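Right, one structure below, let's go through it.
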Amino acid sequence: MANSFAVLPVKASTLIKMNPPMNFTLLFATLLLVNLLLKLWLANRQIRHVAKHREEVPADFAQSISLPTHQKAADYTLAKLRLGHWDLALDALVLLGWTLLGGLSLLDSWLMDITGPGMLQQLLLVSGFMLVTGALNLPVSYYQTFHLEQRFGFNNMTVGLWISDLFKSTLVGAVLGLPLIWAVLQLMQSGGSLWWLMAWALLVAYQLFVMWIAPNFIMPLFNKFQPLEDAELKDRVDGLMQRTGFKSDGFFVMDGSRRSAHSNAFFTGLGKQKRVVFFDTLLKTLSPSEMEAVLAHELGHAKLNHIPKSLLRSFLVTLVGMAALGWLSSQLWFFEGLGVRPHALSANDALALLLFMQVVPLLTFITTPLRAARSRQHEFEADAFASQHANAADLKQALIKLYQDNASTLTPDPLYVTFYHSHPPASQRLARLTA
């Protein structure tokens, strides 16, 4: 029976029956187990290190951070890590359920019985997979928002707003995502041997398009954006923009306090649509001079081309991924090794796409330290840029306030930082700014 799949048509080609270098099911299970154990080990290292240093404020912060504030940050970090244990276990179980335990095959067969073969069935398969996976993650999301964040005084969201955000994000995902999935599946089916290259070009164009429309069409669905009205801050920001030769579409204040007490500032958009956005919580926390220093840091990312460089790397990684999908989608062992038997008389493109999405994170997880190291270097460079165009002392004071208000631990485990952290530890950032 299995031999018949060697000549079955898939997107005008054939599934090739060949033995992989080793049993692919065993390889997949091993990767899943190693990923889970490594993540749990790193999390437990972080838990032990933060708990060990909970009772004493680091010497560099003794004059600016109180012991109760330091202990709150430690407790908040520990609570998130312990919840993360359950999240990791749930993710692993869901992945096993979709693959080796037959969940994806069951959903695929059920939809095939209802609709028959064709593009509709494939789109429903992808949509159903996304909806079920999202629904399984809702309990953890709800607990994190209304128990963990609430416990530490960060949550300002109501259940109604949480449900509204969930509905809006699902709707936006469907409106923007379904046409993209349809186009990719069409290319897989009729794009020839280089369909993956055309699909990659489509994904690049899609990502740039979303970045371009996000400030004016997507983000306002979730938050209100008001022009910056603080006269002193506007003067400082205008002066900074002139000194650095940077142009934007405007400065806006976002009602971040509607959902959370956390603070942030960021750039959004592409080309002439770039905006500088401040959380309203940030305006309440920092002085105008400190806000100027924070903005100078964000400008540093833009002026040093960190964003385009990150985009280019993302595009190259996506290109490699699409090429790999182009090859794997024609390999019978790829399907059967993940617990799925492909269709004999209809396309298996949606199955290949979903299975690939499950395997890739297991393979790319090992590159996390490289991405984190590059990001930390970018943060140091942006800090240096801010020191040249604003007051370094103001940036230091702003960082201390942000660490305090966001309950960020001052004593992370060094190995955990090396593996995960996109921002350098507070002690390293402040030491460089002092130097």
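The values are calculated or read from the model by the stated rules, or taken from the named source; none is laboratory data. Note that the structure is a prediction, hence the values are computed from the model and not measured. Methodologically, a virtual Cβ is constructed for each residue, glycine included, from the backbone with ideal geometry; neighbour enumeration extends over all protein chains shown.
Restricting GLY160, GLY153, GLY177 to those that are closer than 26 Å to ALA347 by Cβ and not charged (D, E, K, R) reduces the list to GLY177.
Within the stretch 59-76, not a single residue is more than 30 Å from LEU399 (Cα to Cα) and in contact (Cβ under 8 Å) with a residue 24 or more places away in the chain. In summary, ASN223 fulfils each of the numbered conditions (1) assigned to a loop (DSSP other than H, G, I, E, B); (2) more than 30 Å from SER289 (Cβ to Cβ); (3) under 21 Å from the mean Cα position of the chain (by Cα) with the single exception of condition (2). Against the numbered list (1) of a type outside the set (Val, Ile, Thr); (2) at pLDDT below 85; (3) out of contact with any strand residue (DSSP E or B) (no Cβ under 9 Å at 6 or more places or on another chain), PRO288 comes up short only at (2). Just wondering, is there one or more residues in the stretch 39-49 that are among the basic types (Lys, Arg) and either part of a loop (DSSP other than H, G, I, E, B) or over 17 Å from PRO412 (Cα atoms) (or both)? No, every residue in the stretch 39-49 fails to be among the basic types (Lys, Arg) and either part of a loop (DSSP other than H, G, I, E, B) or over 17 Å from PRO412 (Cα atoms) (or both). Going by what's in this entry, would LEU148 be described as under 30 Å from ALA347 (Cβ atoms), touching a residue at least 12 places away in the same chain (Cβ under 8 Å) and either of a type in the set (Ser, Thr, Tyr) or part of a helix (DSSP H, G or I) (or both)? Taking the combined requirement at face value, the residue does not satisfy it.
Scanning the stretch 246-284 for residues that are within 21 Å of the chain's Cα centre (by Cα), at pLDDT 85 or above and either assigned to a helix (DSSP H, G or I) or buried (at least 18 other Cβ atoms within 10 Å of the Cβ) (or both) returns MET254, GLY256, ARG259, ALA261, HIS262, VAL277, PHE278, PHE279.
Scan the stretch 330-340 for residues that are in a helix (DSSP H, G or I), surrounded by fewer than 19 Cβ atoms within 10 Å (Cβ to Cβ) and of a type outside the set (Phe, Trp, Tyr) and the total you get is 1.
In the stretch 413-435, the residues that are touching a residue at least 24 places away in the same chain (Cβ under 8 Å) and farther than 17 Å from LEU370 by Cα never reach a residue that is surrounded by fewer than 16 Cβ atoms within 10 Å (Cβ to Cβ) and among the basic types (Lys, Arg) with C-beta atoms less than 7 angstrom apart, at least six apart or across chains. Is at least one residue of the stretch 348-358 outside any helix (DSSP H, G or I), of a type in the set (A, V, I, L, M, F, W, C) and crowded, with 20+ Cβ neighbours inside 10 Å? No: the stretch 348-358 contains no residue that is outside any helix (DSSP H, G or I), of a type in the set (A, V, I, L, M, F, W, C) and crowded, with 20+ Cβ neighbours inside 10 Å. Looking across the stretch 24-80, the residues that are under 26 Å from PHE365 (Cα atoms), among the β-branched types (Val, Ile, Thr) and surrounded by 14 or more Cβ atoms within 10 Å (Cβ to Cβ) come down to THR25, ILE47, VAL50, THR77. Filtering the stretch 310-329 to residues that are among the aromatic types (Phe, Trp, Tyr) and exposed (fewer than 13 other Cβ atoms within 10 Å of the Cβ) leaves only TRP327. The condition (being surrounded by fewer than 17 Cβ atoms within 10 Å (Cβ to Cβ) and outside any helix (DSSP H, G or I)) is satisfied by just one residue among GLY134, GLY160, GLY192: GLY192.
Per-residue answers, yes or no, for (1) part of a helix (DSSP H, G or I); (2) under 27 Å from HIS53 (Cα atoms); (3) without any contact (Cβ under 8 Å) to a residue 40 or more places away in the chain:
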position	(1), (2), (3)
ARG374	yes, no, yes
GLU381	yes, no, no
ALA386	yes, no, no
ASP394	yes, no, no
GLN397	yes, yes, no
ILE400	yes, yes, no
GLN404	yes, yes, no
SER408	no, yes, no
THR411	no, yes, no
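Condition check: of a type outside the set (Ser, Thr, Tyr) and at pLDDT 95 or above. Does VAL340 satisfy that? So VAL340 does not fit the description; no.
Scan the stretch 360-376 for residues that are closer than 30 Å to VAL126 by Cα and out of contact with any Phe, Trp or Tyr (no Cβ under 7 Å at 6 or more places or on another chain) and the total you get is 9.
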